[in-house]
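This report refers to the structure that appears directly beneath it.
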Amino acid sequence: MKIDLITIFPGMLDGPFRESMIKRAVDRGLVEINLVDLRSYTRDRHRQVDDTPYGGGCGMILKPEPLFDAVEDLKSKSDCEYPWVILLTPQGRRFDQQEARNLSGKKHLILICGRYEGVDERARLGLVDEEISIGDFVLTGGELAAAVVVDAVVRLLPGFISEEAAANESFSDSLLEHPHYTRPPVYRGMEVPPVLLSGNHAEIERWRRQQSVKRTYERRPDLLKKADLLPDDKSYLKDILKQQE
Ligand code: SAM
């Protein structure tokens with residue numbers, strides 16, 4: 001996979017992709033991540049990327065010309081037939097694990113990081129395939145949002161984590177993951193559930209599944225409506241409800 005990030009602050013994105021597991025994915029050739037400085041696509045002496053809004057009002061707007069030039073140049077150099085262009089914006093569709101999964105199947109992503117009051121509407125209309133928001137709040141720019149999207153997408157690339165780990169983690173089947181414990185068996189009076197020390201793998205799996213259902217019911221009951229619940233899950237849920245009566 002190739003990912004281009006168009007930004008006026010490439011330095012902001014240097015850190016997240018030069019550390020830890022994303023760096024390892026880059027080093028192993030699973031993904032190529034390029035930071036593209038929008039200013040390098042300006043044609044004036046001042047390398048201006050923004051301008052005041054027509055109609056007045058506060059703030060600046062990212063101009064359309066450098067954005068069109070940047071995206072068209074990146075597309076012309078792409079090996080991929082249809083590079084997928086994403087605009088980070090609080091007005092986009094809310095990002096989730098399903099969308100991360102969809103994007104992990106694409107060959108080439110181009111992410112546009114907005115700034116100031118956002119991008120000129122013609123850039124949105126003429127260049128963008130998808131608009132993504134990472135939540136109902138407003139950031140100063142799209143860089144941190146882009147880092148979130150890239151992190152979630154790259155860790156789903158084949159070979160990044162094991163298929164088993166990806167299948168079990170939160171949201172993979174609309175359930176939150178079960179709790180985890182490691183050594184020591186007792187810490188500050190808190191004990192590891194005995195089943196996890198039993199060596200009985202079938203019982204451990206059963207316990208984990210029940211914990212997963214319970215956590216989802218307690219924290220995100222909205223997810224349960226989408227979950228593929230097994231007959232055992234349903235009877236376990238009934239038990240929880242009975243206990244609460
Ligand atoms: N004036 C815009 C509005 O009210 O919709 C907000 C602009 S915001 C200050 C500047 C840039 O930050 C946006 O263009 C976008 O790229 C990015 N941004 C802010 N919040 C975001 C969010 N929740 N998700 C994704 N990107 C966001």
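Couple of notes before you dig in:
- Among the residues examined, Q98 qualifies as outside any loop (DSSP other than H, G, I, E, B), away from the ligand (no atom under 15 Å from the Cβ) and either surrounded by fewer than 21 Cβ atoms within 10 Å (Cβ to Cβ) or among the β-branched types (V, I, T) (or both).
- One residue stands out in region 101-141 among those that are of a type in the set (G, A, S) and within 6 Å of the ligand (Cβ to nearest atom): the one that is surrounded by the fewest Cβ atoms within 10 Å (Cβ to Cβ), namely G135.
- No other residue among D50, D44, D27 is among the acidic types (D, E), touching a Phe, Trp or Tyr at 6+ places or on another chain (Cβ under 7 Å) and assigned by TED's automatic domain parsing to the domain that holds V154 apart from D50.
- Scope region 101-132; condition outside any loop (DSSP other than H, G, I, E, B), among the basic types (K, R) and touching a residue at least 60 places away in the same chain (Cβ under 8 Å); matching residues: R115
- Residue pairs meeting the criteria (Cβ under 7 Å; at least 6 apart or on separate chains; first under 16 Å from D228 (Cβ atoms), in region 156-170; second assigned to a loop (DSSP other than H, G, I, E, B) and among the aliphatic types (A, V, I, L, M)): S170/L176
- Across region 137-160, a minimum of one residue is classified as closer than 27 Å to L223 by Cβ, assigned by TED's automatic domain parsing to the domain that holds R39 and among the charged types (D, E, K, R).
- Residue count, region 38-78 (criterion: in contact (Cβ under 8 Å) with a residue 60 or more places away in the chain and either acidic (D, E) or assigned to a strand (DSSP E or B) (or both)): 2
- Restricting V138, V148 to those that are in a loop (DSSP other than H, G, I, E, B) and either within 14 Å of I112 (Cβ to Cβ) or at pLDDT 95 or above (or both) reduces the list to V138.
- Any hit, region 26-48, residues being among the small types (G, A, S) and either within 21 Å of E117 (Cβ to Cβ) or surrounded by 15 or more Cβ atoms within 10 Å (Cβ to Cβ) (or both): no
- Scanning region 80-95 for residues that are part of a strand (DSSP E or B), within 12 Å of the chain's Cα centre (by Cα) and either surrounded by 14 or more Cβ atoms within 10 Å (Cβ to Cβ) or among the aliphatic types (A, V, I, L, M) (or both) yields one hit, L88.
- Just one residue in the set P158, P184, P179 is part of a loop (DSSP other than H, G, I, E, B) and more than 25 Å from the chain's Cα centre (by Cα); that residue is P184.
- The number of residues in region 53-92 being within 16 Å of C113 (Cα to Cα) and either within 16 Å of the ligand (Cβ to nearest atom) or not assigned by TED's automatic domain parsing to the domain that holds G142 (or both) comes to 17.
- Contact annotation: residue pairs with Cβ atoms under 6 Å, 6 or more positions apart or on different chains, pairing a residue in region 133-154 that is more than 20 Å from I8 (Cβ to Cβ) with a partner that is in a loop (DSSP other than H, G, I, E, B) and more than 11 Å from the ligand (Cβ to nearest atom), are V154/V31.
- Residue in region 73-92 that is small (G, A, S) and in contact with a helix residue (DSSP H, G or I) (Cβ under 7 Å, 6 or more places away or on another chain) present: no
- Test result for S212, among the polar types (S, T, N, Q) and either touching an Asp or Glu at 6+ places or on another chain (Cβ under 8 Å) or touching a residue at least 60 places away in the same chain (Cβ under 8 Å) (or both): yes
The values are calculated or read from the model by the stated rules, or taken from the named source; none is laboratory data. Nothing here was measured: the structure is a model prediction, and the numbers come from that model. Counting neighbours? That spans all protein chains shown, and the Cβs are built from the backbone with ideal geometry, glycine included.
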